[in-house]
1. Please work out which one of (1) assigned to a helix (DSSP H, G or I); (2) in contact with a Phe, Trp or Tyr (Cβ under 9 Å, 6 or more places away or on another chain); (3) more than 16 Å from residue 147 (Cβ to Cβ) is the condition residue 85 fails and give its number.
2. Out of segment 21-42, which residues are surrounded by 17 or more Cβ atoms within 10 Å (Cβ to Cβ), part of a helix (DSSP H, G or I) and either at pLDDT 85 or above or among the hydrophobic types (A, V, I, L, M, F, W, C) (or both)?
3. Looking at (1) loosely packed, with under 13 Cβ neighbours inside 10 Å; (2) more than 14 Å from the chain's Cα centre (by Cα); (3) assigned to a helix (DSSP H, G or I), which is the one condition that is false for residue 108?
4. Can you tell me which residue among 121, 168 is in contact with a helix residue (DSSP H, G or I) (Cβ under 6 Å, 6 or more places away or on another chain) and at pLDDT below 75?
5. Give the residues of segment 113-134 that are closer than 20 Å to residue 28 by Cα, without any contact (Cβ under 8 Å) to a residue 24 or more places away in the chain and within 18 Å of the chain's Cα centre (by Cα), sorted by residue number.
6. Would you check which residues across segment 135-146 are surrounded by fewer than 19 Cβ atoms within 10 Å (Cβ to Cβ) and under 17 Å from the mean Cα position of the chain (by Cα) and list them?
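The values are calculated or read from the model by the stated rules, or taken from the named source; none is laboratory data. Note that the structure is a prediction, hence the values are computed from the model and not measured. Every residue, glycine among them, receives a Cβ derived from its backbone with ideal geometry; neighbour counts consider all protein chains shown.
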Amino acid sequence: MENPRKYVKDFSFLSLLVSNLLVIFLAVFENWDTATVLWVYWIQSIIIGFFQFFRILSLKQFSTEKFTINNQPVQPTQATKVTTALFFAFHYGFFHLIYAIFLFTLFTKQLLDRMYLFTGGGIFFINHFFSYRHNKRLDEQKVQRIGTLMFAPYKRIIPMHIIIVLGGILGQGALIVFLLLKTATDLVLHTMKHHRGVNIFR
């Protein structure tokens, strides 16, 4: 009988692919401007951090191997988990505040369509909610390193936004090509993560 976890992984891969392609399709079909596309992916990045925050808080068992606070080793306690989650939320939130200021400065004269932002954000929210539920089940089966989970989103969003911003600078046509490249990168990282059994990218 087929391993049911394989179907979960396959569905997770398909969900990631469909959500990315659906947003790209809407961007082309509705002729989104560059500012709208960048803000939609900014929202996706916020969603990734939102679920990662709750993933850290939901850990029942975790390792603090190679993880320190104020250069001091810590024990895997409830206080350590809460402190780590709050620090992640502050640091990740500050990073995205600076990025938001950059986007506001870059596109000062462009009006954004809230419906497009809501639609794109909603698609990514559904995808990452499924990913969160899947990863939460994995966390119950394996003792994760809390430090790895805290820094994991940065390993995905930094390359993601570099790709998107470069596409935005080069123009609308190039942006679509870069979004497809971003999608391919997402899928490669997703496959590597599940193949290795290490949950560090989502």
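1. The failed condition is (3).
2. The first filter runs over segment 21-42 and keeps only residues surrounded by 17 or more Cβ atoms within 10 Å (Cβ to Cβ), leaving 23-24, 26-27, 32-42.
Still in the list and also part of a helix (DSSP H, G or I): 23-24, 26-27, 34-42.
Within segment 21-42, 23, 24, 26, 27, 35, 36, 37, 38, 39, 40, 41, 42 qualify.
3. (3)
4. On the way: 121 fails: at pLDDT below 75.
Checking each option against the conditions leaves just 168.
5. Step one: filter segment 113-134 for residues closer than 20 Å to residue 28 by Cα, giving 113-124.
Imposing the further condition that a residue be without any contact (Cβ under 8 Å) to a residue 24 or more places away in the chain reduces the set to 114-115, 118, 122.
Those that are closer than 20 Å to residue 28 by Cα, without any contact (Cβ under 8 Å) to a residue 24 or more places away in the chain and within 18 Å of the chain's Cα centre (by Cα): 118, 122.
6. 136
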